Each structure stands twice: as C-alpha cells, then as structure tokens.
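One structure below.
The values are calculated or read from the model by the stated rules, or taken from the named source; none is laboratory data. This is a predicted model, so every value here is computed, not measured. Heads up, the Cβs are rebuilt from the backbone with ideal geometry, glycines too, and the neighbour counts pull from every protein chain shown.
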Amino acid sequence: MRRFAPLIVLSVLTACGSGTEQTEERLTQKAGTVAEQAAAASETVEWTGHGNDWKEQRYSRLDQINRSTVAELGLHWSFDMTTRRGVEATPLMINRTLYVTGSWSMVYALDAVTGEQKWFYDPQVDRSFLAKGCCDAVNRGVAYADGKIIVGAYDGRLIALDANDGAVVWDVQTTDREQSYTITGAPVIAGDKVIIGNGGAELGVRGYVTAYDIASGKQAWRFYTVPGNPADGFENDVMEMAAKTWSGEWWKWGGGGTVWDSMVYDPELDLLYIGVGNGSPWNQSLRSPEGGDNLFLASIVALKPDSGEYVWHYQTTPGETWDFTATQHIMLADLEIAGKLRKVLMQAPKNGFFYVLDRTNGELISAEKYTTVTWAERVNMATGRPVETDGARVFDGKKPVIPSMGGGHNWPPMSYNPQTGLVYFPMMVFPSTYLAPTRDIDKKPNQGYWHLGFDNMGMAPPPASVNEINALLDASYSGQLLAWDPVKQEQAWVQPPQRPTMGGTLSTAGLLVFQGGKNGNLTAHDAETGAELWSHHTQTGAMAAPISYAIDGVQYVAIAVGFGGGFGAQGGALAHHWKIPNRSRVLVYKLGGTHELPEPEDTLEEMPKPAAVTASAQTVQHGQVIYQRHCAYCHGDGLRTGGLTPDLRYSSEGIHNIWQDIVIDGVLSPVGMVGFKEYISAEDAEAVRQYVLSEANRVYAGQQ
Ligand code: CA
C-alpha cells in the first residue's frame, strides 16, 4: 500500500486545504444560540436503525465529543456477554436502552446510561447449525418497530420480542431447517413489513429474501435471487428472465445469491435495495458450464417493499466465481455530481471497486478501484461491466487474485460524514489462490457441507516460520482505514497498514471517525486528515461498528467488541498470531469516563508438549490434504486458526485420546464440532491427527 503514500499528502492539500476553513465556519454556525445550547444540554438522541438514519450513513449529529475534547474520552461502563464466539452487532439505542446481539443470536437489553441488564433473550439455537453456516454463529444486530425488537436467529427463525421485557411476540421459521440456511444479518423495516435474508452459499443453497407483517409475523412475500429448476415453473417473470443468464443444471447446485447482510429501505422512492451474494458453488464452470452473467449473483437489486416486485438491478461481477459478494454495506446519499444533485447508492463490495449508482433507476454513475485489483482492469462505463484481465479465471492453485475471497472490503460497515463528504471504511489487501477441483466429490452438487467447487488445497498456505508470516503480513496482508471521496472517486487519506480484519466505522459531527480492531484498540481519527487522536485498549479484537447517542445532554460512544466470524474461523495466516484473547463485551464511553476494565484473568495458553509423530511422512502428507479439505474452513488454513476455534496444535493428550470419538462420531457436536463419518474414514482422521502432531512438534521446537 506504499503506492498510496504520495497521494495522501496530495489529496489532503487539494481536497481539504480549503475544506478546513469551510468546516470551521460550519462548526461555528453549529454552536448556535444560547437557547439552542440549552436545548442541547438536555438532549436525548437515539440510534434507532442499523445504520442510524434510513440512508444508513452511520453519521451521528452529536459533537460534544469532538477533535478538541476527545482526549478526555474515557470508558464509562462495560458489560460482559455470556459467550465468546464472534460479535458483529451494531447496537440500537431506543428509550434509554441499548439493544445488542451476541453470538448465537442472543439479545441483550441494557440500560444505556448504567449498563445494567434489563432483559436477556436466548433463542436456544441448536448448536449443530454451526456446520450449516460458513462464518461462525454471529449476528449483526436487531431491528426496531412498533415496540418490537426483531432478531434473525442463526437457525433461520425471525423472532419479534417485546422491547420492554423481551417476551416473544411471534417466532417464524423463514428457512427449511433441513437445508444449510443460516441468518446472521439484521432485519430491515419497510413500512409495516420486516424483511430478512439468509446465508449458505458456501453450502449449496438458493438465496432469497422474505417480508413479514410486523404486527402478526405473517409472510407477505418472498423474492428469490437466483432462478430455480425451470421444470418446476418460475415464480415470476423476472426469474424467467434471470434463467436466460444461466446454463446447465444450476438448480442442482443451489445457485447461491444469498442476501446475508445489507438491505436498505428508501422511503423517498419507496424502494428496498438488497445486496446479493456469491454463486454456489463459487466455481462458475460447474454451476453454469456455458458461462453467462448468472443473475442476480453479486448484484444490487431494487424491489417494491409492498409486493417484492423487481424494479431494477446492477450486477457488480457478472459470472461471479471468486466469492465476490455484493452483500456489503449499501449506503444512500444525495450528492452533487457534475453540477447535478443525484440520489445515489454507494457500495464498496468485495470485488475492489467503489460503485456510485443512481438509486432511482440503477444507472451506473461511476466505479473506481478502492484497493489493489488484479482480476479486472476497470469498469467499462458504456456497458457498466468490468473488463476482466487475461487469466482472471485461471484456477491453477498458484495464481494470486486480489482482492481475495475475503474481499477488498467485507461486511464491517462504512460511515459517511456530510461535512467532509467522505466515506470511511476498512479496506483489505491480501491474495487468494483457487484450484480447480481434482476429486469427483467436488465436481458434483452436494448440499450440506462446505463446497466451493474448488479444491481447498489451493488455499493451503505453505509451512512458514513466524518471521516469514510476519513478513508476508507486512508485505501483502494488510488492512487500512480508508477515507474515500465518492464524488471524485479517489482516496482522500488512508491510515498506515495494519493486519487485515479491522472493524466498521462511525462518523460524527465532532469531525471524528471511530473504529475498533487496531491491535485491540478502539481509536478516534480526525475525519479530515485521518490522524489518530485517541485510543483505548479494549483487551480484545473488534469487527463491529461503534454507534453514538445522547441521553440528558451527555454524548456516549458504544461498541460491541469481540473477534470471530469468517476470519476468526478460517483466519489462517491472516488472524494467526493475533495474540489477543477473544472476549465478547459491550463498551460505552463518555467524556470524563473513569471505568476500568478488569485485569484479564485469561491469557493465551502455553502449548503442551506434543507426543511424537508415529506415522510415515506419506501419512502426514495425506493428513494435511484431508485436514485442508474438511477441517480448514473452521480450524484455519494450515492449522492457523483465528483463535475462535481451538488451535489443534495445542490439543491436550486428553483430546488426542478421544480423537476418533470427536472427529468420526461427533461427541462434541453439542458445542458445534460435528462428526465427519460421512466424509472421511477412521484412517483419514488418524492421518489428520498425525499431521496435527507433526505441526505441533514443529511449533514446539521453536520453528515458528
Ligand atoms: Ca461467500
């Protein structure tokens, strides 16, 4: 990312040189009259929607905490959640109560001033659902409407709770529990309806969104994102149209296109925008052998919220094959572009381009690379389609592709500050390699297990020492906080590279950008320059975005911290050596806050002395292949877990003694480790154990 360095100075000078003056002027105006100041002193400002306002800008108009006062920001209270899996939730603050979700779709209602728990709801998700999802039992938050808190549960239910006491008002199953559907996203409210999508495109499902009546929980409509089997008849004309962009027997593979995160309702235009995910399987040559665009994969689709009727779409990655979802944060704004005020929709999806669309009709206004992109040269503005590079679809397990399957930007939310005109989000740079399938089982449809249509051996990192990994991280595995000018379609500033997997952002009228995840810190940055003005060590990682609210004239910043999710599970070299234990907490800050986090009792474990390898080198090698194909998507590529699942190299003698019971018979399935009897033999499981021992001995001997 060093290539950006000269640009930082340039863009600050050109874009913000006169802007600073203007901003100071705006700030002076903002101070207002004495009466206005008095009103501000008793003001209560809620955070009622996932992205705050309906435009999902994640901008707080509060400015008590600002560039001058942020140095006095301190922790006010903390709340420990009961689980330690991933945390990805944006809290809501309504009626002096914080509503926040933890892992397994649990909902906590906390007093927003004191942190005292008002109520707690556990939907009792069957832990075996862990094997039906790609990326941990996370939840990105609740929706609020008509006195109800609505949560999507990991097992596919949508549940409305009484906001006052957490009592269940209604509880509906939105998916077929026999299929590999899960819910991790926040529902969205559109008038008298609540809409929810689902995930599962790594495990062979067909994506859709469903609308329910908020009062009764009764289903209003369902919109599929990819066509089903033509022999069954299409649900509507638009599915018939979409089917013309597919070939072969795609329906047998599921097709994918899951809407697992961003959905936004636009009351001005009465449109619902949904972000659609990757193909299932990833490998297009399997699911649609003659190619085609494969609508509506990797698209933003606008629907009528009353009926689910299709209005327009824009496809970011036609013929998607790299896991380039367009499920990332959809943000709306009214921007002056080329002298005209445009109603725009903005997204920085995984594929590395920042898109600005006209949200009235889906017309592409502009698209530029926000990060390193090797799969496409540019977006052709005449056709709206990416111009792929030569060899972009070469899957030899060697050719690196950037962005990776993790994306140049993933789900961590962006924020926009109307004063600076900039969008702030965590950008990532690291490569993926893809290997065409070599085994018959990977060439056939088979829902129910991690199935990409690629050989997972292609993702195996080479054995490396800790120094080599760190060098790799410094060179090409990085994450950075980026400020993007959506009108000029260029970077305004970027913070120095960190490890990938940084958190989402919050913008405030105090001209600050808040972000978690940097070396275990929550940080505040100057919105104009990016300079870090404040930080607090949260004792853990963070992926979720902070929010801000005010009660009785006091401004607060709140964040749900904790690591996990896709990177926590499959983290591999990315998250390895994170060296910060995973804790799930809600942290709330205010000016003058004096609360201190308890001294950590848990520390990272020492590695027990591993037993000797008793198998041949050939068996160890076989164990690596089996591991990489069946175990890596939870325990980390090359045994390098992100810390969420056990690092198998640290397995105790006790675990080694019951290895077959765990791996084959599934005795730990109540905690999410299902048995693999259907996929591997007892000999395979023992080979994996020998591979684990081999790697453990290497680490124990100080070779890593
Ligand atoms: Ca995916």
- Item | Where Val125 falls short, out of the listed (1) in contact with a strand residue (DSSP E or B) (Cβ under 8 Å, 6 or more places away or on another chain); (2) surrounded by 19 or more Cβ atoms within 10 Å (Cβ to Cβ); (3) farther than 24 Å from Asn278 by Cα | (1)
- Query: Any chance region 81-97 includes a residue that's farther than 29 Å from Tyr424 by Cβ and basic (Lys, Arg)?
  - Reply: no
- Task: Would you mind finding the one in Trp282, Trp312 that is more than 16 Å from the ligand (Cβ to nearest atom) and among the hydrophobic types (A, V, I, L, M, F, W, C)?
- Result: Trp312
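Yes/no matrix, rows are residues, columns are (1) under 29 Å from the mean Cα position of the chain (by Cα); (2) surrounded by fewer than 17 Cβ atoms within 10 Å (Cβ to Cβ); (3) outside any loop (DSSP other than H, G, I, E, B):
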{"site": "Glu606", "(1), (2), (3)": "no, yes, no"}
{"site": "Ala611", "(1), (2), (3)": "no, yes, no"}
{"site": "Thr614", "(1), (2), (3)": "no, yes, no"}
{"site": "Gln618", "(1), (2), (3)": "no, yes, yes"}
{"site": "His622", "(1), (2), (3)": "no, no, yes"}
{"site": "Ile626", "(1), (2), (3)": "yes, no, yes"}
{"site": "Arg629", "(1), (2), (3)": "yes, no, yes"}
{"site": "Arg649", "(1), (2), (3)": "yes, no, yes"}
{"site": "Ile662", "(1), (2), (3)": "no, no, yes"}
- Task: Take region 338-357 and flag every residue that is more than 16 Å from Val264 (Cβ to Cβ), aliphatic (A, V, I, L, M) and assigned to a strand (DSSP E or B).
- Result: Leu341
- Message: Between Ala211, Ala215, which is among the aliphatic types (A, V, I, L, M), modelled with pLDDT of 95 or more, in contact with a Lys or Arg (Cβ under 8 Å, 6 or more places away or on another chain) and within 21 Å of Val188 (Cα to Cα)?
- Response: Ala211
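Got at least one residue in region 212-231 being within 16 Å of the ligand (Cβ to nearest atom) and within 23 Å of Cys634 (Cα to Cα)?
Step one: of region 212-231, the residues within 16 Å of the ligand (Cβ to nearest atom) are 225-226.
Those left that are additionally within 23 Å of Cys634 (Cα to Cα): none.
Checking region 212-231: not a single residue is within 16 Å of the ligand (Cβ to nearest atom) and within 23 Å of Cys634 (Cα to Cα).
A quick yes/no check of all residues on (1) within 16 Å of the ligand (Cβ to nearest atom); (2) in a loop (DSSP other than H, G, I, E, B); (3) surrounded by fewer than 18 Cβ atoms within 10 Å (Cβ to Cβ):
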| position | (1), (2), (3) |
| --- | --- |
| Met241 | no, no, yes |
| Lys252 | no, no, yes |
| Val264 | no, no, no |
| Glu268 | no, yes, yes |
| Leu272 | no, no, no |
| Leu297 | yes, yes, no |
| Ser307 | no, yes, yes |
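Looking only at region 580-594, count every residue that is of a type outside the set (D, E, K, R) and assigned to a loop (DSSP other than H, G, I, E, B) and tell me the total. Lay out the reasoning, then the answer.
Here is the first cut: in region 580-594, the ones of a type outside the set (D, E, K, R) are 580-582, 584, 586-589, 591-594.
From the residues that got through so far, the ones that are assigned to a loop (DSSP other than H, G, I, E, B) too are 580-582, 584, 592-594.
Of the residues in region 580-594, 7 are of a type outside the set (D, E, K, R) and assigned to a loop (DSSP other than H, G, I, E, B).
In this structure, is Phe234 free of Cβ contacts under 8 Å to residues at least 12 places away in the same chain and either crowded, with 18+ Cβ neighbours inside 10 Å or more than 16 Å from the ligand (Cβ to nearest atom) (or both)?
Values: free of Cβ contacts under 8 Å to residues at least 12 places away in the same chain: yes; either crowded, with 18+ Cβ neighbours inside 10 Å or more than 16 Å from the ligand (Cβ to nearest atom) (or both): yes.
Taking the combined requirement at face value, the residue satisfies it.
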- Mind checking which residues of region 198-229 are loosely packed, with under 14 Cβ neighbours inside 10 Å and under 16 Å from Trp250 (Cβ atoms)? Asn229
- Message: Condition first: away from the ligand (no atom under 16 Å from the Cβ), surrounded by 24 or more Cβ atoms within 10 Å (Cβ to Cβ) and β-branched (Val, Ile, Thr). Now tell me which residues in region 325-370 satisfy that.
- Response: Ile330
- Thr529 passes all but one of (1) part of a strand (DSSP E or B); (2) more than 19 Å from the chain's Cα centre (by Cα); which number fails? (1)
- Kindly indicate the residue of region 321-337 that is more than 16 Å from the chain's Cα centre (by Cα) and assigned to a loop (DSSP other than H, G, I, E, B) and also farthest from Gly504 (Cα to Cα) among those meeting that condition. Thr321
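Taking the conditions exactly as written (at pLDDT below 95 and under 30 Å from Asn139 (Cβ atoms)), does Ser432 satisfy them or not? Give the derivation first.
Numbers: at pLDDT below 95: yes; under 30 Å from Asn139 (Cβ atoms): yes.
So Ser432 passes the test.
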- region 380-398, residues that are exposed (fewer than 11 other Cβ atoms within 10 Å of the Cβ) and either among the hydrophobic types (A, V, I, L, M, F, W, C) or under 12 Å from Phe454 (Cα atoms) (or both): Ala382
- Note on the structure: Filtering region 494-514 for residues that are small (Gly, Ala, Ser) and without any contact (Cβ under 8 Å) to a residue 40 or more places away in the chain leaves a count of 0
- Item | Extreme residue, farthest from the ligand (Cβ to nearest atom), among residues of region 184-207 that are in a strand (DSSP E or B) and closer than 16 Å to Gln328 by Cα | Val188
- Unmet requirement for Leu303, which otherwise passes all of (1) surrounded by fewer than 24 Cβ atoms within 10 Å (Cβ to Cβ); (2) away from the ligand (no atom under 16 Å from the Cβ): (1)
